[in-house]
Amino acid sequence: MVYSKREDGRKFDELRKISAKVGIIKRADGSARFQIGDTIAIAAVYGPRELHPKFLQDPEKAVLRCNYDMASFSVTERKKPGPSRRSTEISLVTEKALASVVELDLFPNTAIDVFIQIIQANAGTRCAGICAAAMALAHAGIPMKDMVAAISVGKVGDKIVIDLDKEEEDFEEGATDIPVALTARNKEVTLLQLDGEVSKDELMQAIKLARKGCEEIHNVQIEALKEIYKEDKNGQ
Ligand code: UDP
């Protein structure tokens, strides 16, 4: 099936508009909002704090706990509030996408809790959640070896595209969706999922696009983090 033109006029390798802000939840240790197109994720970080009950503690490192949730009002169709198999899976892959960059071994017996809430969804929510969470962790002052950015790439019809929106995800029989998370400096893949079918060459092409997209996102994340220090200096 030929996919000749994106509905919103973007090029096949063009991201939706991105914006980010750090420090949006004053009582959290760290927080951030990340928006890409109509998808908005907010993240709040608490910790490191002593983990209770004690038998869950790890004497060698902190336990990173991520909780992803999609608000009932974030989508146009009816969505039951509360956890689901989908949110449990996304919480788990988010944890894996972030754990390798956080210096967990500095904080034995503690928990670092990351809450991600999707307040508006138009595809790519797990990636937006990871972007927001990485910024919130940095804002909380938790030592990190690297930053993490994430973007969804995939195949719509016959084209490899970046940052699919919901219409593209639902194109014809459904697109191939490939969420990718990458560390900024070392370009290590911390998340790679694939829902659909692609050839090896197409997958490599998609990952190349994801690298470019993550670099762009990373710049936005860094700018948002710098912004908070400018505000602090100005006494805000
Ligand atoms: N979606 C929805 N209701 C749900 C779950 C998902 O409308 O209960 C939509 C939403 O726009 C989401 C998209 O489907 O972004 C794709 O969901 P998927 O599970 O592929 O994860 P995502 O692409 O958001 O990471």
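The values are calculated or read from the model by the stated rules, or taken from the named source; none is laboratory data. These numbers were taken from a predicted model, which means no experiment stands behind them. Cβ coordinates were reconstructed from backbone atoms using ideal geometry, including for glycine residues, and neighbour counts include every protein chain displayed.
One residue alone among Lys159, Lys226, Lys212 is without any contact (Cβ under 8 Å) to a residue 24 or more places away in the chain and not β-branched (Val, Ile, Thr), and that residue is Lys226.
Scanning region 46-104 for residues that are under 15 Å from the mean Cα position of the chain (by Cα), outside any helix (DSSP H, G or I) and hydroxyl-bearing (Ser, Thr, Tyr) yields Tyr68, Ser100. Looking across region 1-35, the residues that are of a type outside the set (Lys, Arg) and more than 30 Å from Lys230 (Cβ to Cβ) come down to Met1, Val2, Tyr3, Ser4, Glu7, Asp8, Gly9, Phe12, Asp13.
Conditions (1) of a type in the set (Asp, Glu); (2) closer than 30 Å to Glu14 by Cβ, marked per residue:
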{"position": "Val45", "(1), (2)": "no, no"}
{"position": "Arg49", "(1), (2)": "no, no"}
{"position": "Phe55", "(1), (2)": "no, no"}
{"position": "Leu64", "(1), (2)": "no, no"}
{"position": "Asp69", "(1), (2)": "yes, yes"}
{"position": "Val75", "(1), (2)": "no, yes"}
{"position": "Pro81", "(1), (2)": "no, no"}
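The residue of region 180-209 that is surrounded by the fewest Cβ atoms within 10 Å (Cβ to Cβ), among those that are in contact (Cβ under 8 Å) with a residue 60 or more places away in the chain and within 11 Å of the ligand (Cβ to nearest atom), is Gln193. Select from region 220-236 the residues that are modelled with pLDDT of 95 or more and loosely packed, with under 14 Cβ neighbours inside 10 Å and write down the one among them that is nearest to Leu15 (Cα to Cα). The selected residue is Glu223.
One residue stands out among those in region 1-36 that are outside any loop (DSSP other than H, G, I, E, B) and of a type outside the set (A, V, I, L, M, F, W, C): the one that is farthest from Ala210 (Cα to Cα), which is Gly30. The residues of region 70-108 that are surrounded by fewer than 18 Cβ atoms within 10 Å (Cβ to Cβ), aliphatic (A, V, I, L, M) and within 12 Å of the ligand (Cβ to nearest atom), listed by number, are Ala71, Val75. Every condition in (1) touching a residue at least 60 places away in the same chain (Cβ under 8 Å); (2) buried (at least 24 other Cβ atoms within 10 Å of the Cβ); (3) not aliphatic (A, V, I, L, M) holds for Ser152 except the one numbered (1). Of a type in the set (Val, Ile, Thr), within 14 Å of the ligand (Cβ to nearest atom) and in contact with a strand residue (DSSP E or B) (Cβ under 8 Å, 6 or more places away or on another chain) - does that describe any residue in region 54-69? Checked against the condition, which is being of a type in the set (Val, Ile, Thr), within 14 Å of the ligand (Cβ to nearest atom) and in contact with a strand residue (DSSP E or B) (Cβ under 8 Å, 6 or more places away or on another chain), region 54-69 yields no hits at all.
Selection within region 109-166: residues that are charged (D, E, K, R), more than 10 Å from the ligand (Cβ to nearest atom) and not in a loop (DSSP other than H, G, I, E, B). The member of this set that is nearest to the chain's Cα centre (by Cα) is Asp113. Of all the residues in region 34-53, those that are touching a residue at least 40 places away in the same chain (Cβ under 8 Å) and either within 13 Å of Asp113 (Cβ to Cβ) or surrounded by fewer than 23 Cβ atoms within 10 Å (Cβ to Cβ) (or both) number 13. It is to be established whether one or more residues within region 123-130 are of a type in the set (D, E, K, R), in contact (Cβ under 8 Å) with a residue 40 or more places away in the chain and buried (at least 24 other Cβ atoms within 10 Å of the Cβ). Within region 123-130 (the criterion being of a type in the set (D, E, K, R), in contact (Cβ under 8 Å) with a residue 40 or more places away in the chain and buried (at least 24 other Cβ atoms within 10 Å of the Cβ)), the answer is yes, since at least one residue qualifies.
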